[in-house]
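These notes concern the structure reproduced below.
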Amino acid sequence: MTTPLLEARSITKSFQLGRTEIPVLRGVDLTIGRGETVALLGTSGAGKSTLLHLLGLLDRPNDGSISFDDQRVDDLSTKERARLRHRRIGFVFQFYHLIPELDALRNVQLGALMDVGLWEWLGNRGAIKARAAALLEEVGLTDRARHRPAELSGGERQRVAIARALIAEPELILADEPTGNLDSETAEGILDLLFRINRERGIAFLLVTHDPALARRCDRIVRMRDGRVVDDGLATTAPATEGAAPPA
Amino acid sequence: MDPSPEAHRPAARTPRPAPLFPAFAAFLAVRFLFARRINLIGVVGIAVGVWALIVVVAVFSGFISDIRGGIRQVSPDLLLTEIPSDASFEQIDAVLRADADVVATAPRLRYHALYFKHGAWGSSSGVRTSSGDISKQASDYDFVELIGIDPSREVEVTDLLQQVLLPQSWETRSPEELFEIPGEMIQVWRSLEGFPLGPGEAIGSRPAILFGYDRFRRSRVEIPQQLSLASAHFPGDLIDGAPALHSLSKDVHVGAPFHTGHRVFDETKALLTLDVLRDDFLGYDRFLDPDVVSDVAIRVRPDADLETVKQRLADALAADEGLQKAYPEGFGGLILTWEEQNEVYLDAVDQERAMMKIVLFAVMLVAAFLVYATLHMLVTQKTREIGVLTAMGASSSGVLKIFLSTGGVIALLGCGLGVATGLASVFWMNDLDTWTQARLGFSLFPRELYALDEIPYSIEPWWVVQVALGALAVSAVAAWLPARRAAHLQPVRALAHE
Ligand SMILES: Nc1ncnc2c1ncn2[C@@H]1O[C@H](COP(=O)(O)OP(=O)(O)OP(=O)(O)O)[C@@H](O)[C@H]1O
Ligand SMILES: [Mg+2]
């Protein structure tokens, strides 16, 4: 196993709905190695997205710990977690979540502007723009740079979203059903892109999916049910089909 | 895939300080704002508020400084008033003029009278209170406050006599000549009126009364029409145990009217010479009676402080031995600066301006509400984007700054637009007014009402700065609440927002 990049230990999370407490994660252990690709499978409602949000430091667990490079991060301040998220973690969502007012090139640039001061950016615009353009080229969208999200297809939007996640040079990308909204052919293209990025840049991926075929392309497959990890093993040895829900 | 030591970065890298103003906040603020035209309504609101505050206050201030200028023409630097009715001007004057800062003094005597217009029936021989000879049309009787002045001394103290409007045919006149109607002129007038002088009859120059221009016009008098002044007083003697009423009267001729910037003065006052008022009308004996006055107008050296001089003169009057002897109970007398003389009037216009500012500030609050509503709407519309930005690593203070910047951009645009249009409207107001009058037949400002040739204005730079800063502050407060709401959104919930 590679060096652990991210380690989650006994994470629990419940949501308060009125007076009743709904337990969603009931003690999850998960380790992601540097440069590793991990597929997260599980039935709908198993708590995959919730786990992703916790690992991405968007929310805090009720109990348990999350460490990055052996440093605990779940108890950091909101501000510190925001900086860490920006530097080290990228998000890719099922519904792309691009900023509709910005064209593709600007959406990608935005990913680099979170902790750059206004004056620094004004003095450095060309460089950031060039990096964004290079990333758009890498995801194969050079000729769509000036299009707004509404003028792009689903697959193209997801490519823009991936380029946006890449510009901050993260070590881990958390992708919540990145192909869930795409036809299988387009999905295949997106996955090829993700795995290429993984190979070329050594970025680790945690991919939530309902697609067992996709899961098998990853280094490891983790299965969840009812807020627990029920299976965690190398993709080559794991029974890929068992327990996986069909795509919604 | 073993990482090299450099690649293995510790979780807490030496952090760069977080930027005070992150680039993405400005980047998004502008795009969010211009994405929908409705978002610019706050800009319009602020601009209207700033515009109104600048234009209305500039006109008001111009108006006030006009009024003050007008008041200044007729009001001496200092005025000694509440003088005992039997005091001698000479005695008081000596005390006042002893002060090094007093440049000049002028006596004034106030009295009240009715005046009667003479029609073609000729010279009146006096007031005949129950005679049918006098026209009883109400418009032929009017009440006026007479001010008796010494023309040659008055010009040393105020600009009042410079405001006399001489008919074009008149040559320049000395101050005294303004109050004398030459005999030939009266002769001509009488001939035109149909009761010429008899053969061998000659008329010397006659005393003039000077009216304010508005009254002059309203009373439909003309130069050198003859008028009778009438008044009455109770000298103190008794008839059948009741105080006796003595009537007073004097014939005068209408002289050239004066037109000062002080409307109230012009409307209510008429000028005579002190001698005519005191001796001929009130019946004082030039040689036996004291030279009574009701006020002394005082001109002070321009660089002197009015309050200091005022205090010193009051002390000097109180300490004067002659006055102490004459008035063992105290001389009394009250000295007023030119502002105090017109306190009620000046306060009233100042109050009006202050009220106006308050009313207009309400416009500003409406504008602030528009900014608030715009941003509130924007935050709701952009909730999911806020979640996405947070996922991308935006801090909550960064999110706060997006919407504060949006508010800031709205305020700056509104302020810029408001100041620009405000100043432009003020500078071109008179042109615009002339145009609307010529083309559309209405005036933006009732110039006639205020007897103004053009709309006065005065731009106080400090006020413009205050308005601009006020608008920025108000928008900042209005932007703060929605921005804070955005910053406090839970990222996970924001992401799930539809
Ligand atoms: N904010 C919340 N408040 C209350 N309950 C929540 C909240 N977020 C998630 N849950 C509940 O937690 C459970 C797990 O949700 P989660 O979105 O993690 O599932 P998931 O595994 O991602 O499912 P899917 O495959 O459908 O996306 C669900 O039953 C959901 O209703
Ligand atoms: Mg999910």
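The values are calculated or read from the model by the stated rules, or taken from the named source; none is laboratory data. Source: prediction; values computed, not measured. Cβ sites come from the backbone with ideal geometry, for glycine too, and all protein chains shown count toward neighbours. For accessibility, only protein heavy atoms count, side chains too; no ligands or nucleic acids. Shrake-Rupley method; radii C 1.70, N 1.55, O 1.52, S 1.80 Å.
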### Message
Condition (residue is assigned by TED's automatic domain parsing to the domain that holds B:TYR213, surrounded by fewer than 18 Cβ atoms within 10 Å (Cβ to Cβ), at pLDDT below 90 and among the aliphatic types (A, V, I, L, M)) applied to the range B:275-285: is it met by at least one residue?
### Response
no
#### Entry: Selection within the range B:394-404 - open to solvent by 10 Å² or more (accessible area, probe 1.4 Å) and either under 25 Å from A:ALA165 (Cα atoms) or not assigned by TED's automatic domain parsing to the domain that holds B:PHE27 (or both)
B:SER395, B:SER396, B:SER397, B:LEU400, B:LYS401
### Every residue from the range A:181-201 that is open to solvent by less than 20 Å² (accessible area, probe 1.4 Å) and within 14 Å of chain B (Cβ to nearest Cβ)
none
### Task
Only residues in the range B:356-383 that are assigned by TED's automatic domain parsing to the domain that holds B:PRO482 count as the first member; pair them with residues that are in a loop (DSSP other than H, G, I, E, B), Cβ under 8 angstrom, at least 6 apart or cross-chain, and list the lot.
B:THR383/B:LEU489; B:THR383/B:HIS497
### Message
I need the strands (runs of 3 or more DSSP E) fully contained in the range A:196-248, keeping only those with at least 3 residues that are modelled with pLDDT of 65 or more and more than 16 Å from ligand 2 (Cβ to nearest atom).
### Response
A:228-234
### Query
Taking interchain pairs and intrachain pairs at least six residues apart, which have beta carbon atoms under 7 angstrom, with the first residue in the range A:3-15 and free of Cβ contacts under 8 Å to residues at least 40 places away in the same chain and the second aliphatic (A, V, I, L, M) and part of a strand (DSSP E or B)?
A:PHE15/A:ILE22; A:PHE15/A:VAL24
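Condition check ((1) within 22 Å of A:ARG199 (Cβ to Cβ); (2) in contact with a strand residue (DSSP E or B) (Cβ under 8 Å, 6 or more places away or on another chain)) across all residues:
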| residue | (1), (2) |
| --- | --- |
| A:GLN71 | no, no |
| A:ARG85 | no, no |
| A:GLN94 | no, yes |
| A:PRO100 | no, no |
| A:LEU110 | no, no |
| A:TRP121 | no, no |
| A:ASN124 | no, no |
| A:LEU141 | yes, no |
### Query
Taking B:VAL359 and the conditions (1) within 30 Å of B:ALA47 (Cα to Cα); (2) surrounded by 14 or more Cβ atoms within 10 Å (Cβ to Cβ), which numbered condition does it fall short on, given that it satisfies the others?
(2)
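With A:LEU113, A:LEU76 as the choices, which residue is assigned to a loop (DSSP other than H, G, I, E, B), open to solvent by less than 10 Å² (accessible area, probe 1.4 Å) and at the interface with chain B (Cβ under 10 Å from one of its Cβ atoms)?
After ruling out the rest, the residue left standing is A:LEU113.
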### Summary
Reported set for the range A:9-25 where residues are more than 16 Å from ligand 2 (Cβ to nearest atom), exposed (fewer than 15 other Cβ atoms within 10 Å of the Cβ) and more than 19 Å from A:LEU76 (Cβ to Cβ) is A:GLN16, A:LEU17, A:GLY18, A:ARG19, A:THR20, A:GLU21, A:PRO23
### Message
Please go through the range A:143-174 and give me each residue that is open to solvent by 60 Å² or more (accessible area, probe 1.4 Å), more than 25 Å from A:ALA204 (Cβ to Cβ) and assigned to a helix (DSSP H, G or I), ordered by number.
### Response
A:ASP143, A:ARG144, A:ALA150, A:GLU151
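Suppose we filter B:LEU336, B:LEU378 for residues that are modelled with pLDDT of 85 or more and either assigned to a helix (DSSP H, G or I) or more than 30 Å from B:VAL264 (Cβ to Cβ) (or both); which single one remains?
Only one candidate qualifies: B:LEU378.
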### Task
Test A:HIS53 against the stated conditions and say whether it is at negative phi and either within 13 Å of ligand 1 (Cβ to nearest atom) or in contact with a strand residue (DSSP E or B) (Cβ under 8 Å, 6 or more places away or on another chain) (or both).
yes
### Query
Using beta carbons and a limit of 7 Å, which pairs, at least six apart or on different chains, have the first residue in the range A:213-228 and on the phi < 0 side of the Ramachandran plot and within 16 Å of ligand 1 (Cβ to nearest atom) and the second one part of a helix (DSSP H, G or I) and not hydroxyl-bearing (Ser, Thr, Tyr)?
A:LEU214/A:LEU191; A:ILE221/A:ALA215; A:MET224/A:LYS48
### Residue count for the range A:26-42, restricted to those that are within 13 Å of chain B (Cβ to nearest Cβ) and within 14 Å of ligand 2 (Cβ to nearest atom)
0
### Message
Quick test of your reading of the structure: B:ALA47 fulfils all but one of (1) out of contact with any strand residue (DSSP E or B) (no Cβ under 9 Å at 6 or more places or on another chain); (2) facing another protein chain (nearest Cβ under 7 Å). Name the failing condition by number.
### Response
(2)
### Query
In the range B:174-204, which residues are open to solvent by 70 Å² or more (accessible area, probe 1.4 Å) and either touching a His at 6+ places or on another chain (Cβ under 6 Å) or part of a loop (DSSP other than H, G, I, E, B) (or both)?
B:GLU176, B:PRO196, B:PRO199, B:GLY200, B:GLU201, B:ALA202
## Note on the structure
Exactly one of A:HIS97, A:HIS53 is in a helix (DSSP H, G or I) and open to solvent by 10 Å² or more (accessible area, probe 1.4 Å), and that one is A:HIS53
### Query
under 20 Å from B:LEU20 (Cα atoms), touching a helix residue (DSSP H, G or I) at 6+ places or on another chain (Cβ under 9 Å), facing another protein chain (nearest Cβ under 8 Å) and in contact (Cβ under 8 Å) with a residue 24 or more places away in the chain: does that describe B:GLY408?
no
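Restricting to the range A:43-68, and then to whatever is more than 9 Å from ligand 2 (Cβ to nearest atom) and of a type in the set (A, V, I, L, M), can you tell me which residue is farthest from A:PHE15 (Cα to Cα)?
Filtering the range A:43-68 for residues that are more than 9 Å from ligand 2 (Cβ to nearest atom) and of a type in the set (A, V, I, L, M), the one farthest from A:PHE15 (Cα to Cα) comes out as A:ILE66.
Of the residues B:VAL144, B:VAL127, B:VAL103, only one is modelled with pLDDT of 90 or more and either open to solvent by 40 Å² or more (accessible area, probe 1.4 Å) or closer than 18 Å to B:ARG299 by Cα (or both); which?
B:VAL103
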### Message
Looking only at the range A:146-165, filter to residues that are within 12 Å of another protein chain (Cβ to nearest Cβ) and closer than 18 Å to A:LEU52 by Cβ; which one of those is farthest from ligand 2 (Cβ to nearest atom)?
### Response
A:ARG164
## Note on the structure
Exactly one of A:ARG83, A:ARG87 is touching a residue at least 40 places away in the same chain (Cβ under 8 Å) and either at the interface with chain B (Cβ under 8 Å from one of its Cβ atoms) or among the polar types (S, T, N, Q) (or both), and that one is A:ARG87
### Residues (in a strand (DSSP E or B), farther than 19 Å from A:GLY233 by Cα and near ligand 1 (Cβ under 6 Å from one of its atoms)) located in the range A:16-50
A:LEU17, A:ILE22, A:VAL24
